[in-house]
Amino acid sequence: MLEAKLERLRTVHSKMKAELQRVIVGQDEVLDQLLLAILTRGHCLLVGVPGLAKTLMISSLAKTMDLSFNRVQFTPDLMPTDITGTELLHIDPETSARSFRFEPGPLFANVVLADEINRTPPKTQAALLEAMQERRVTSGGKTHDLPQPFFVLATQNPIEQEGTYPLPEAQLDRFMFMVHVGYPNVDEEREILKRTTGGAMEEIQSVVTAAELDELQLAVREIPVADAVFDYALSLTRGTRVRSGEPIGFIKENVSWGAGPRASQFLILGAKAQAALDGRSHVSIEDIRTVAKPVLRHRIVTNFTAQAEGITSDHLIERLVDEVDPNRAVGAGLPGVRSEG
């Protein structure tokens, strides 16, 4: 039964990616990570300079699913009620009776594009991130459930920092993946020019319903994981920390704060989805390594020493993956390291 579900998942994934590639040139790794997040019910933050089709990717992804979609352009004057909704006074035209009714905001959709999330003040960011975690909003003392499934796919510009409100690490932790969107190569950029300066753009077709997507997401969670793979995920997460146990040398030198338990959860879930897409009903060490960067990069806070030397969280993750030995058990809670280099 599980094998049949996973076969269907791979078919749906192929169709979704094919539809996306009708309008998106290149960016295969970015598209794969977006689809992994969708299959594991995770939220995703896309970071890249303007003009790299981040917004187009997300809106096109929503079209491949038979789900409701809203886009919110985050601005400095956006208030929490602008996205969550508010209580409005309703007057009955026949009886003139007055009552307050909740008017849902743009968060009440299956897929929400939070465009330039770092351009809005912390109070509105907090309202969005609370909805991401709780999957409901509160207004006028009443709780309103958000539609299911519910995904927040946000974009952020890493260049312009003036007049922006960077997300604190505790709020970044709500996102399963942070995906870096890079520049296209010369052939891809040439193809972009041909597609966008000619005739009409391709139309995206829906290939999966909400009910079927829910079944596929449940199938991903059914994939078994060996204890050795759990231990490896724990070793990577615990290996990023400098304030518990005996920190790894190069981590202690370059990191202020490491990843929390949510990172391990997302490593396992992302690895399950990766295994399913690779045609396997079991999770391997390599699956964990594949999702390590998008899961961990925004959960590692580098210190001044690292920043001065140009060492990024990606550099540290690469070294951590290389040095943590998957053949050694976590044991007393310490990652097994091949060498301190």
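A few notes on this one:
- Screening Glu188 on (1) within 14 Å of Ala271 (Cα to Cα); (2) outside the structural domain of Ile38 (by TED's automatic domain parsing); (3) not polar (S, T, N, Q) shows it passes everything except condition (1).
- Scan of the stretch 37-58 for residues that are within 24 Å of Glu130 (Cβ to Cβ) and in contact with a strand residue (DSSP E or B) (Cβ under 8 Å, 6 or more places away or on another chain), ordered by number: Ala37, Ile38, Arg41, Gly42, His43, Cys44, Leu45, Leu46, Val47, Lys54, Thr55, Ile58
- For Leu216, the conditions (1) in a loop (DSSP other than H, G, I, E, B); (2) in contact (Cβ under 8 Å) with a residue 60 or more places away in the chain all hold with the exception of (1).
- Some residue of the stretch 268-280 being outside the structural domain of Val30 (by TED's automatic domain parsing), crowded, with 16+ Cβ neighbours inside 10 Å and out of contact with any helix residue (DSSP H, G or I) (no Cβ under 7 Å at 6 or more places or on another chain): yes
- Single match in Thr143, Thr197, Thr164, Thr124 (criterion: among the hydroxyl-bearing types (Ser, Thr, Tyr), out of contact with any Ser or Thr (no Cβ under 7 Å at 6 or more places or on another chain), without any contact (Cβ under 8 Å) to a residue 40 or more places away in the chain and in the same structural domain as Leu36 (by TED's automatic domain parsing)): Thr143
Let's see how each residue does on (1) closer than 21 Å to Ala210 by Cβ; (2) in contact with a Leu (Cβ under 9 Å, 6 or more places away or on another chain):
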| position | (1), (2) |
| --- | --- |
| Ala4 | yes, no |
| Thr11 | yes, no |
| Lys17 | yes, yes |
| Asp28 | no, no |
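- Scanning the stretch 17-49 for residues that are under 11 Å from the mean Cα position of the chain (by Cα) and not aliphatic (A, V, I, L, M) turns up Gln33, Thr40, Arg41, Gly42, His43, Cys44.
- A count restricted to the stretch 157-187 and to residues that are modelled with pLDDT under 85 and either crowded, with 16+ Cβ neighbours inside 10 Å or over 17 Å from the mean Cα position of the chain (by Cα) (or both) stands at 10.
- Only helices (runs of 4 or more DSSP H) whose full extent lies in the stretch 222-325 are considered here, and the ones with at least 2 residues that are within 22 Å of the chain's Cα centre (by Cα) are 227-239, 261-277, 285-296, 313-323.
- Ala219 vs. criteria among the hydrophobic types (A, V, I, L, M, F, W, C) and in the same structural domain as Val295 (by TED's automatic domain parsing): no
- Residue selected from the stretch 323-333 under the condition charged (D, E, K, R) and farther than 19 Å from Thr302 by Cα, by the criterion modelled with the lowest pLDDT: Arg328
- Unique match (being farther than 22 Å from Ala37 by Cβ and free of Cβ contacts under 8 Å to residues at least 40 places away in the same chain) among Glu130, Glu94, Glu87: Glu94
- Filtered residues of the stretch 191-210 (kept if of a type outside the set (Asp, Glu) and outside any loop (DSSP other than H, G, I, E, B)): Ile192, Leu193, Lys194, Arg195, Thr196, Val208, Thr209, Ala210
- From the options Ala18, Ala37, Ala4, residue that is part of a helix (DSSP H, G or I), buried (at least 19 other Cβ atoms within 10 Å of the Cβ) and of a type in the set (Gly, Ala, Ser): Ala37
The values are calculated or read from the model by the stated rules, or taken from the named source; none is laboratory data. On a predicted model such as this, the values are computed, not experimentally measured, just so you know. Note: ideal-geometry Cβ built from the backbone for every residue, glycine included; neighbour counts use all protein chains shown.
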